[in-house]
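First comes the structure, then the notes that go with it.
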2 protein chains.
Amino acid sequence: MQNVNPQEGTAEFPGHRGETVAPDDEAKVALVRELLSRVADKWTLLVVDALEESELRFNQLRAKVGASQKMLTKTLRQLERDGLVVRRVHPTVPPAVDYRLTPLGLSLGETVCSLWLWVDAHMNDVQRSRVAFDRAARPEA
Amino acid sequence: MQNVNPQEGTAEFPGHRGETVAPDDEAKVALVRELLSRVADKWTLLVVDALEESELRFNQLRAKVGASQKMLTKTLRQLERDGLVVRRVHPTVPPAVDYRLTPLGLSLGETVCSLWLWVDAHMNDVQRSRVAFDRAARPEA
DNA sequence: CAGCATCCGAAAAGATACTG
DNA sequence: CAGTATCTTTTCGGATGCTG
């Protein structure tokens, strides 16, 4: 979920009557979607959450979120590029690198937290619904 | 982002000292992650947002969120299974189907809204950060 | 230690054609 | 209209080997 499909602008669907957005800010809508995909990414969520308590080094983070080095690196680069984390390299040997949230990243963390809380609060409702749905769909066996 | 990797439990990483969760509710953590992935899915977000204003029919929804029919169907089935939307089929010909949020879905909608607002509020910060990052990474050319 | 590059299998998502 | 089924393309993500 790294980038959003470029061809999905709201305006070019046949039969679409253009009631969804003002004609001007289609680029903005695209960016919102792109950012939403970014921010809603599994590893992003986990990393932001992990860094909320304290800054961490690469392998600490890796252990904590359970990501492969490749995914963690990619996620961290994106977060850094987006201004959500800062990467600090200590000129030691071997090198030590730590990551911490910026104020922007911290503010995202709070928002993510509300999502987290929703899941925690309504988990049971969802699970009961699933059981009912599955039983309704497959009454036999 | 349909399902979460089953092997990523927080507790089995080397060097992990177990300070993140109580030893008992690992299953719960797994479910939280699974639900988070579900709920943080791009299409889910878009669909829930689209249905917040009013109920919509399949193709209206399709046009509004810009999903392929395949993705929309899958997303709607999941939302229905999770008890977040209700699917109503009108016995007409040709058939008309509309979708609307349940109270549970509506409560998620509010949470999603906060994510949306974050993106909207900090979009510009992110974009400026990106420009700076990219310029720093590629000073030549 | 932190990371980049490459390869490869698995999963996701788009396009297309067909149906009640 | 609202799907299902199938095919192809794209992306994800783990494994491995190599650097400073």
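The values are calculated or read from the model by the stated rules, or taken from the named source; none is laboratory data. This is a predicted model, so every value here is computed, not measured. In this analysis, Cβ positions are derived from the backbone assuming ideal geometry, glycine residues included, and neighbour counts consider all displayed protein chains.
Select from the stretch B:62-71 the residues that are in a helix (DSSP H, G or I) and more than 8 Å from DNA strand D (Cβ to nearest atom) and list them in ascending order.
Of everything in the stretch B:62-71, those that are in a helix (DSSP H, G or I) and more than 8 Å from DNA strand D (Cβ to nearest atom) turn out to be B:Ala63, B:Lys64, B:Val65, B:Met71.
Could you say whether any residue in the stretch B:35-43 is within 13 Å of DNA strand D (Cβ to nearest atom), in a strand (DSSP E or B) and of a type in the set (A, V, I, L, M, F, W, C)?
Within the stretch B:35-43, none of the residues are within 13 Å of DNA strand D (Cβ to nearest atom), in a strand (DSSP E or B) and of a type in the set (A, V, I, L, M, F, W, C).
For B:Arg130, are the conditions met, namely being touching a helix residue (DSSP H, G or I) at 6+ places or on another chain (Cβ under 6 Å), more than 13 Å from DNA strand C (Cβ to nearest atom) and assigned to a helix (DSSP H, G or I)?
So B:Arg130 fits the description; yes.
Please go through the stretch B:28-43 and give me each residue that is crowded, with 20+ Cβ neighbours inside 10 Å and more than 10 Å from DNA strand C (Cβ to nearest atom), ordered by number.
Within the stretch B:28-43, B:Arg33, B:Leu35, B:Leu36, B:Arg38, B:Val39, B:Ala40 qualify.
Does A:Thr73 meet the test of being more than 19 Å from B:Ala40 (Cα to Cα) and more than 8 Å from every other protein chain (Cβ to nearest Cβ)?
So A:Thr73 fits the description; yes.
Out of all the residues in the stretch A:64-75, which are within 14 Å of A:Tyr99 (Cα to Cα) and either near DNA strand C (Cβ under 7 Å from one of its atoms) or of a type in the set (Gly, Ala, Ser) (or both)?
If the condition is that a residue be within 14 Å of A:Tyr99 (Cα to Cα) and either near DNA strand C (Cβ under 7 Å from one of its atoms) or of a type in the set (Gly, Ala, Ser) (or both), then A:Thr73 is the only one that fits.
Residues in the stretch B:100-108: is at least one on the phi < 0 side of the Ramachandran plot, within 16 Å of DNA strand C (Cβ to nearest atom) and either among the aliphatic types (A, V, I, L, M) or at the interface with chain A (Cβ under 9 Å from one of its Cβ atoms) (or both)?
No, the stretch B:100-108 has no match at all.
Counting only residues that are closer than 22 Å to B:Trp118 by Cα, of a type outside the set (A, V, I, L, M) and in contact with a strand residue (DSSP E or B) (Cβ under 6 Å, 6 or more places away or on another chain), how many does the stretch A:34-89 have?
1
Filter the stretch A:96-119 down to the residues that are at pLDDT below 95 and loosely packed, with under 14 Cβ neighbours inside 10 Å and list them by number.
A:Glu110, A:Leu117, listed by residue number.
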